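Remarks on the structure that follows.
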Amino acid sequence: MSMHVPHYSSDVRGFDPTHRDYWRVHKTAGLTNSVSIHSNTFSYLLQSSKRTTMDTVSILSLNTRACCLMSANKYRDAGILLVSALRQIQQGQSVSCRSVSTVMTEHDKDLVLQPMRIGKDDHDCSSFSLYNWAILVMDHDVQATKTLKNEIKLSALLLYNTGLAYQAMGMEEGSEQVSFQMALKMYNIALSLLCTCDSSDRLLRLALLNNKGFIMSYFCEFDEAQACLAHIKFLLATIYAPEEAQREDILEIRMNVALLFGKHSHAAAA
């Protein structure tokens, strides 16, 4: 049984992450046009004849540094690094003449993801709680990215962390209207990407759906928030290992489902 995630178009233009004013939060609709990340720009991942080996070490290093910055509440700085990593993927920069495998075999390794808390647990039983964990890739799995499935997964991971940086920045600086819209674009592109491949990306899907649900709840789109919770409930039912089911970050997501699923009047935590 496969989970259906609707496709959302996310077209935003005029992006320059190196500009000194890029990550300054403006409380105007203009910021929604400040990033040039569109789901179609990742289409090259699905065209094996045009793909080259990514600078995996550089991309993973940027992601790790960004996660550490988010844990120190430096969300703008983290965002700049993450967008730089996304740029490298979008441009298909080559660091090797070896072609990337487009077929997963039974011996290929899937990326191993590790959550990293970036804020305190402030769960309110009456509100939708943010999954405030950035996601790292374990260092010893660097070579695992040299497959189509894992390149897609890595792209989705970077989009998730970028969205989390936007979301956390908006909550910290009171710019939720603008920052949440940008985060939502990142989450929707990531979910659309993950629908194109079959991989063990449960943690990433849970994080994306939870934080998308948070935003939908904030904007009083309660039906959309409930749809996210329904998808989360389905994914949680596929967890069989007790050590995973009882992990702190997973318990926080389970709490959202337990308290809010089936209720249409909850709001996101402030």
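Tabulated data for the structure shown
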{"item": "Carbon + sulfur, % of accessible area of the stretch 207-256 - ligands and nucleic acids excluded, 1.4 Å", "result": "59 percent"}
{"item": "By average C-beta atoms within 10 angstrom, highest first, the peptides 228-234, 249-255, 207-213", "result": "207-213, 228-234, 249-255"}
{"item": "Built amide H within the under 5 Å cut-off of residue 109, gap 5+", "result": "none"}
{"item": "Whole-Hz ³J(HN,Hα) from phi, Karplus 6.51 cos²θ - 1.76 cosθ + 1.60, for the stretch 226-243, glycine and proline x", "result": "5, 5, 4, 5, 5, 5, 4, 4, 4, 5, 4, 5, 8, 8, 10, 7, x, 5"}
{"item": "Over 27 Å between alpha carbons, listed pairs 185/233; 153/233; 149/263", "result": "149/263"}
{"item": "FRET efficiency estimate (nearest 0.05) - Cβ-Cβ, residue 64 to residue 263, R0 45 angstrom", "result": "0.75"}
{"item": "Whether the stretch 150-231 is rounded, prolate or oblate, judged on the alpha carbon gyration tensor where a/c under 1.5 counts as rounded", "result": "oblate"}
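The values are calculated or read from the model by the stated rules, or taken from the named source; none is laboratory data. Here the structure is a predicted model, which is why all the values come from computation and not from measurement. FYI the Cβ positions are ideal-geometry reconstructions off the backbone, even for glycines, and counts take in every protein chain you see. Keep in mind that these areas ignore ligands, DNA and RNA; they rest on the heavy atoms of the full protein, side chains included. Shrake-Rupley method; radii C 1.70, N 1.55, O 1.52, S 1.80 Å.
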